[in-house]
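J.: Starting off with a structure, shown below.
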Amino acid sequence: MKARYSIFSLARNALSYHENWQQAWHSPEPKKSYDAVIVGGGGHGLVTAYYLAKEHGMRNIAVIERGWLGGGNTGRNTTIVRSNYMWDQSAALYEHALKLWENMTRELNFNVMFSQRSVLNLAHTQNEVRITKRRIHSNRLNGIDSTWLDPEDVKREVPIIDLRGGGRYPVLGGSIQRRAGTARHDAVAWGYARACSEMGVDIIQQCAVEGFDIEGGQVTGVRTSKGQIKTNKVGLVVAGHCGVLANMAGFKLPVNSRPLQALVSEPVKPIIHNVVMAGAVHAYISQSDKGELVIGAGTDAYNGYSQWGSNPVTEDTLAAICELYPLFRRMRMLRQWGGVVDTCPDASPIIGLSPVKGIYLNCGWGTGGFKATPGSGHIFADTVANNRPHPIAAPFALDRFRTGFLIDEHAAAGVAH
Amino acid sequence: MLLIPCPYCGARTENEFAYGGEAHKVRPEHPEEVSDEAWADYLFLQKNTNGTYYERWVHAHGCRRWFNLVRDTLTNQVHGAYKIEEEPPKVDETTYV
Amino acid sequence: MAQTYRLQDRGRVDLERPIDFTFNGKRYRGYAGDTVASALLANGIHLVGRSFKYHRPRGILGAGAEEPNALLQVESGPRTLPNVRATQAELYDGMAVTSVNAWPGPDTDVGAVNQLFAKLFPAGFYYKTFMWPGKAWPYYEKVIRHAAGLGKAPTDPDPDFYDKRYAHCDVLVAGGGPAGLAAALTAARSGARVVLADENPEFGGSLLSARETIDGKPAIDWVQATLDELRGHPEVRILPRTIVFGYYDHNWIDLLESRTDHLSRKPDDRPRQRMWKVRAQEVVLATGAIERPLVFVDNDRPGIMLASAARSYVNRYGVKPGNRCVLVTNNDGAYQAALDMQDAGIEIAAAIDVRAEATGPFTERAKQAGIRILPNHGVAAVDGAKRVRAIKAQPLAADGERLTGASRKIACDFVASSGGWNPTVHLFSQSRGKLRFDAETAAFVPDRSVQRARSAGCCQGTWGLMGCLKDGLAAGAEAAKAAGFPDTKAGSTPKASDDGFLPARWLWTVPGEQPVGHKGKHFVDYQNDVTAADLLLAIREGYTSIEHVKRYTTTGMATDQGKTSNVNALGIVSQARGLPIPEIGTTTFRPPYTPVTFGAWGGRDVGDLFDAERHSPMHAWHVRAGAAFENVGLWKRPWYYPIGNESMHDAVQRESKATRDSVGILDATTLGRIDVQGPDAVEFLNRVYTNGWKTLKPGMARYGLMLGEDGMVMDDGVTACLRENHYLMHTTSGGAGDVLAHLEEYLQTEWPELRVYLTTVTEQYATAALAGPNARKLLQEVTDIDLSPEAFPFMTFREGTVAGVPARVFRISFSGDLSFEINVHADHGLHMWQTLMSVGEKYDITPYGTETMHVLRAEKGFIIVGQETDGTVTPIDLGMDKLCSSKKDFIGKRSLARPDMLDPQRKQFVGLLPDDPEEVLEEGAQLVEVLKDAPPMDMVGHVSSSYMSPNLGRSFALALVEGGLHKHGQKVFAPMPGGKTIACTITNPVFFDPEGERLRA
């Protein structure tokens, strides 16, 4: 049993110069076989392992990660958490996650700094107003908090905003979800890794998948850079690289991998207190607890696996930030980066069974994966353990691309068609 | 900012172009005769290669012509561009794992 | 105010031009050429701020971009700038700077109370606490947020403006030190177009801070001669105060030129900064190197600075950092700084040298100069919290991991520290070039270029001046040659010293009296307050990957991005893990090299230029008429025309009624128009529209529905057959560009065999739609076209003149009323409009905007793509399956046969009548069939359009409802916030003139 974290344990350890802290997680060599192998040591993969162990009694399992835990999109996103999605299926999924977020720190005994500082989604055109209201009504009737803000309400929530938007795209209103907010992204990976490790889950970093053993349409093992691992359940939770692994397993996915860009400013004293998303001009902004403005830009227009983005995307986003927040023109960009996101044609994820028996898919989260982390892992663990989709996961099956039952979140985002 | 060699206009910066995804996907000649699976494959499924990728681009703010590009999706190295009706250039293909 | 520490006999500041400035409200004086840092030091000030976490007093560590400590708020009010490095900010008259993160000031800082609890704040402490009680995090967070952050963001809009410029060149040289200047010189001599940029106001780089000679003359003479020659080359662009901050794909380089920050009066007509976006054929990186501080106990005390910085203050700025210096070093090169300081009259109290044997060319010269060297010594302790007073030296044990023997205290008023050098490989790494760890210098150096770039001088690990010059000359020649100037020669290298900084001893942590972490702090990342003990803790807790170490401790993530800390951190981790540094890895260098202003990224693409605006030729008329405008795509369209203080509702009611009662006029110019020509045009239309086109004769027009390949409605509009093989297609206003792109894509990539040519002609026409029972009478007064129903039936067009100018008139209708759409050449648009308005006076002609257009079309049950549809709606859902030909294939047809498309419970297009005819549903309202007391409730659809209709005398709406096509007459409810519920009846969506008598009148 690991020592619990608290102010008291900090004080106790201070007496011994913090030299007696235990490892947050163990890093064993892989065993010969596991009951299940989760490929991908990001948030979604770790949560999956956590619930397999916790709720499904599967302790002989491993999470294998090509690089370092949380080094993919978990550690490269703008940390926004919200559940105000328009379609019933999406709302159910993200609200399931949001409820888990609300208890995550306590459950993990690891402060993930989940900050319910509210998220605003602005509307800049009449069409966006219509779509936003449609989404708000839908949220409300799904039991999700979501309220319309007139422009003056927006100004009250975000006093530094220029409602004129520089004149070209004035703020016509927006929605607010007060239970939404941000979290400390790295902490999510570390907190779940610690909890997994405590339950006996093997966490194996620097272990790349090189292929799958498939016999008669059933997976029997994973070939890795650290040797062969026998297993007949494999969960693929690798975001941007899902296509690469699907190709190894002999199937294709309706996914394009593209760099999504983000950037932070230098840290300043608190100036913006909530998360403000302006979809029409593609500028998302919040301020981290450290004081940096965290800004989400767009996805590159073309496929790419590099964790770098294309600069026109940054230029457009920063021009939009300058329009909405003229006082930020003098702020300075400290660092920019990209994360490789796996985008589906309908901007919704794929969760469920794959064409290979025993291989389960959890991918296609596009730009929206971080907020879903605990919910995604929870329903995916259930899916992996029981070899059938969890009810919340069912609509997100790969088969929807055959039947046409898409959950098109572009429509909800007010993207003109 | 990529420098893309349009086969009609020469090298131009990326923001003159629009992307068209995977190249050499062919619309079934008789769509009504193909299965739902095959149709979904045509509509949605992607190779999404990490490495050498054959992809379509259009010089949207230029000659408005579509063409194909061979690009490494990890390094963004461009191996060549060719017209829609042309054969792809010979390239040492790389796929990253 | 006296500048006690100013040297009169050296430095490049202009002693004739004193400059007054204030620091924390107090007046001081410096000279032109000073930075804020050098001016403060000249006034004897080291203590400039407090640290981020512990609020430790901090001084000036560096002399350039590497500075982690001396961050200041420059000015107040709209031009205020947070987190400016004092070491880079040029001094100007009247400049006002203040400390950040210190209240009331750095000397008496209330936040310093944090130091008492420092033991509770190891790396990552916040992950382990603030968890109790469960709901308290928002309160903790508020406190943490206020404690964090450095300077203050401006609170007023920025009065300055910014600029962007594109440039192309053969050779871009980043850095104007010896290597960069040499490279630019050879490249320029070849005739290549060269861009040479340096972040400093003066070129020369390290030579500005040196006392070395080139060809026997002061190095600065060579700098001057080189610049003079470069200026003589017409194809050379020299950019001072310009930092090369980003190296992107395919040799795309971003530069930031600072234009007014150094000026006392900011000119109105000059951009504050300019971002240069350069596509370079070839690049020479000559970005120099940055010294590393040594990690010894309490190495952050004010007065402790980099040896190179001390040298720079003495030689370049003519400022003594103090009177009595202790040098702490692990290498030979640092003695060069000590010698220069001694020459300037500074007493070198001692040199604490961690090397077992102090040897090397500079060391020998130091010995000869009488400098007392303590070889194999470490730093036991540092005295003085707000300014170093003394340093305690003690011999190192044989393993270098602890101290042994007797210590001695050496009084001093500043310390120069040198832990070796890091080549500035940021840009090289950004270009995705591969780095290699050089064990001899314990530094990452460029290994293999991936883009067309090469490094020269210190940034590639060449350490002597002569070597740098040689490197630069060769790199410039190589770059020019590669860029297509074959006759380029490097030329002979001028004579200069070639001493580097080796030998050295790599002792990543200099031990103190007690083990690391027990007493005092060994700082690695000054700005983020990360100590060696923090790094060790991270490793102990399993955060062993260097990325985990970095994220857990935040080392290297401050505004200096680890310029002085990264390699020290790697060294400490490598030692702790017992692995060589290359196996620990390095973190990726990401742009920008130094922070870049948002405004510069935005440039002039703000305000009116943020996005293009499209105006119809009648736009000026609409403005004069007081129209309110709506954004539709890029178009500005009249939304409604209020009269006096009329509300939007009243205006729309008036416009709607007037149109149905007499005649209204709409500017329909924004409709997209695509000219379709060629022998296979009709076959093409057949493939891209759901309906058939073979029977459309010249003079006729037809409505078409266009789908995406996924079967979803993408666009709609009327296409006319102008003559055989020649059609004019109309698209929605917002969709025109996408439709053209869609059509071209299929034409070029799927059906190249079709002989069809597409031309956008949207801008060539101006269009007015006349609608209402008097439309014919009015139009007949100004046209030679016979408008009688027999001569000009519905869904045809005629050509003739209107208002005396050539016109094509379509008898089509989006209003559901008798309507003519008059197309004239764009240049005649305003004339046509004004003629119709004046002739129409007798019919009380009423201009109407898009909102009334929406009301009228909705009364008639016409959809708007993008309002009734959202990318998830098929023609079947709209009840328009009759428009989908069964005799041919068309884009999207196959998708309509997928299982889900045939589900009878899909949302389908219906009309809605609220029970209360005064109640206007909210667009976007969700509909339920079964009401519950509280959510959740099962939703069956939503309201897509909703209006009050003066013509129907009641409210009505359009909606999409599950299985709605078969639910006409059934009840649905819209539960609104606050418990109100609006009951409605599902109806046929055609409310007005269902037989189409008005339309065809």
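J.: Please name whichever of B:70, B:60, B:8 sits farthest to the positive end of the charge dipole of the range B:3-83, dipole taken about the Cα centre and charges placed at Cβ: Lys and Arg +1, Asp and Glu -1.
T.: B:8
J.: Could you give the angle, 0 to 90 degrees to the nearest 10, between helix A:311-324's Cα long axis and the longest principal axis of the Cα atoms of chain A?
T.: Helix A:311-324 and the main axis of chain A meet at about 50 degrees.
J.: Follow-up question, since we're still on this one. Obtain the radius of gyration and the Kirkwood radius of the range A:160-266 from its C-alpha atoms and give Rg over Rh.
T.: 1.15
J.: Ok, one more. Would you list which lysines come within 26 Å of residue C:697, measuring only between C-alpha atoms, while excluding same-chain residues fewer than 8 positions from it?
T.: Answer for residue C:697, where 26 Å is the Cα cut-off: C:882, C:887, C:888, C:893, listed by chain and number.
J.: Per DSSP H run of at least 4 residues, take -39500 (n - 2.57); add these up for chain C, divide by its residues and hand me the 222 nm value, nearest 500 deg cm²/dmol.
T.: Result for chain C: -6000 deg cm²/dmol, rounded to the nearest 500.
J.: What does the highest-first list of C:426-432, C:449-455, A:237-243 look like by mean Cβ count within 10 Å?
T.: My ranking of the peptides, most packed first, is A:237-243, C:426-432, C:449-455.
J.: In Å, the Kirkwood hydrodynamic radius of chain B over pairs of distinct alpha carbons?
T.: After inverting the mean inverse Cα-Cα distance, the result is 14.5 Å.
J.: Å³ per residue of the Cα convex hull, for the range A:235-394?
T.: 120
J.: Pull up all non-local amide H partners of residue C:377: gap of 5 or more, or a different chain, and H-to-H distance under 5 Å with H placed in the peptide plane.
T.: Result for residue C:377 returns C:353, C:354, C:355, C:396.
J.: Let me ask something additional. Suppose we keep just the DSSP beta bridges with both residues in chain C; what percent of those would be antiparallel, to 5?
T.: Beta bridges within chain C, antiparallel portion: roughly 75 percent.
J.: Compute the normalised compactness of the range C:456-526: alpha-carbon radius of gyration over 2.2 N^0.38 Å, N being the residue count.
T.: It is 1.87.
J.: Here is a further query. Using only Cα atoms, what Kirkwood radius does the protein assembly as shown have, in angstroms?
T.: That comes to 35.1 Å for the protein assembly as shown.
J.: Next question. Counting other C-beta atoms within 10 Å, which of C:305, C:557 has the fewest, and how do the rest follow?
T.: Neighbour counts put them in this order, fewest first: C:557, C:305.
J.: Please give every one of the lysines within straight-line cross-link reach of residue C:135, meaning a C-alpha to C-alpha distance under 22 Å, and leave out same-chain neighbours fewer than 8 residues apart.
T.: In chain and number order, the partners are A:99, A:290, A:371.
J.: Helix A:126-141 sits at what angle to the longest principal axis of chain A, using alpha carbons and giving 0 to 90 degrees rounded to 10?
T.: Compared with the principal axis, the helix lies near 50 degrees.
J.: Under a no-solvent Debye model with one identical scatterer per Cα of chain C, what's log10 I(q)/I(0) at q = 0.07, 0.08, 0.09, 0.10 Å⁻¹?
T.: The computed values of log10 I(q)/I(0) come out as -0.80, -0.89, -0.97, -1.05.
J.: Another question about this same structure. When you look at the Cβ of every residue in C:972-981, what mean number of other chain Cβ atoms sits within 10 Å?
T.: Rounded to a whole number, the mean comes out at 1.
J.: With +1 on the Cβ of every Lys and Arg and -1 on the Cβ of every Asp and Glu, and nothing else charged, how large is the dipole of chain C about its Cα centre, in debye rounded to the nearest 20?
T.: The calculation lands at about 3220 debye.
J.: Let me ask something else about it. Under the Kirkwood approximation for Rh and a Cα-based Rg, what ratio Rg/Rh is obtained for the range C:67-120?
T.: 1.07
J.: Send over the semi-axes of the range A:239-329's equivalent ellipsoid, whole angstrom and largest first, taken as the square roots of 5 times the C-alpha gyration tensor eigenvalues.
T.: Semi-axis lengths for the range A:239-329 are 32, 14, 11 Å.
J.: Still on this structure, I have one more. Averaged over peptide C:745-752, how many Cβ atoms belonging to another chain are found within 10 Å of each residue's Cβ?
T.: 5
J.: Oh, and also: Which angle between 0 and 90 degrees, to the nearest 10, do you get for helix A:88-101 versus the longest principal axis of chain A when only C-alpha atoms count?
T.: 80
J.: Against the 2.2 N^0.38 Å scaling, with N counting residues, where does the range C:1-158 land? I'd like the Cα-based Rg ratio to two decimal places.
T.: 1.22
J.: Further, regarding this structure: Work the Kirkwood hydrodynamic radius out for chain A: mean of 1/r over every pair of different alpha-carbon atoms, inverted, in Å.
T.: Here the Kirkwood hydrodynamic radius works out to 21.9 Å.
J.: Would you work out which of C:737, C:77, C:458 lies farthest towards the positive end of the dipole of chain C, given +1 charges on the beta-carbon of Lys and Arg and -1 on that of Asp and Glu, about the Cα centre?
T.: C:458
J.: Report ³J(HN,Hα) in whole Hz for each residue of the range C:113-122, in order, from the Karplus equation J = 6.51 cos²θ - 1.76 cosθ + 1.60 where θ = phi - 60°; Gly and Pro get x.
T.: For the range C:113-122, the Karplus curve yields 4, 3, 4, 5, 9, 3, 5, 8, 10, x Hz.
J.: Compute for the range C:769-924: radius of gyration divided by Kirkwood radius, i.e. Rg/Rh, restricted to C-alpha atoms, rounded to two decimals.
T.: Rg/Rh for the range C:769-924 comes to 1.07.
J.: Counting partner chain Cβ atoms within 10 Å of every residue's Cβ in A:236-243, what's the average?
T.: 2
J.: Can you list the equivalent-ellipsoid semi-axes of the range A:55-105, largest first and in whole Å, using the square root of 5 times each Cα gyration tensor eigenvalue?
T.: 25, 18, 11
J.: In this model, which of C:409/C:521; C:128/C:434; C:320/C:563; B:83/C:489 are farther than 29 Å apart at the alpha-carbon?
T.: C:128/C:434; B:83/C:489
J.: Ignoring solvent entirely, what values of log10 I(q)/I(0) come out of the Debye formula for the range C:902-1001 at 0.10, 0.16, 0.25 Å⁻¹ when each Cα is a single scatterer?
T.: -0.27, -0.66, -1.35
J.: Could you bin all the Cα-Cα distances of the range C:293-419 into 10 Å bins starting at 0 and give me the percent of pairs in each, rounded to whole numbers?
T.: 15, 50, 32, 4, 0
J.: Which of C:296, C:204, C:245 sits farthest toward the positive end of the charge dipole of the range C:193-327, with +1 on the Cβ of Lys and Arg and -1 on the Cβ of Asp and Glu?
T.: Of the listed residues, the answer is C:296.
J.: For residue B:90, list the aspartates and glutamates whose Cα falls under 18 Å from its own Cα; do not include residues on the same chain fewer than 8 positions away.
T.: Candidates past the 8-residue exclusion: B:22, B:55, B:72.
J.: Taking the Cα centre of the range C:293-419 as the origin, how large is its charge dipole in debye, to the nearest 20, when only Lys and Arg (+1) and Asp and Glu (-1) carry charge on their Cβ atoms?
T.: Computed charge dipole of the range C:293-419: roughly 400 debye.
J.: With no solvent and one equal point scatterer per Cα, compute the Debye intensity ratio I(q)/I(0) for the range C:103-187 at 0.13, 0.14, 0.18, 0.20 Å⁻¹ and report its log10, rounded to two decimals.
T.: Each listed q maps to, in turn, -0.76, -0.78, -0.94, -1.08.
J.: While we're looking at this one, here's another question. If you put +1 on each Lys and Arg Cβ and -1 on each Asp and Glu Cβ, how big is the dipole of the range C:852-1001 around its Cα centre, in Debye rounded to 20?
T.: Value, rounded to 20: 660 debye.
Quick note: the coordinates plus some simple rules give every number you see, no bench work behind them. Quick caveat: nothing in here was measured; it's all calculated off a predicted structure. Reconstructed Cβ throughout: ideal geometry from the backbone, glycine too, with neighbour counts over all protein chains shown.
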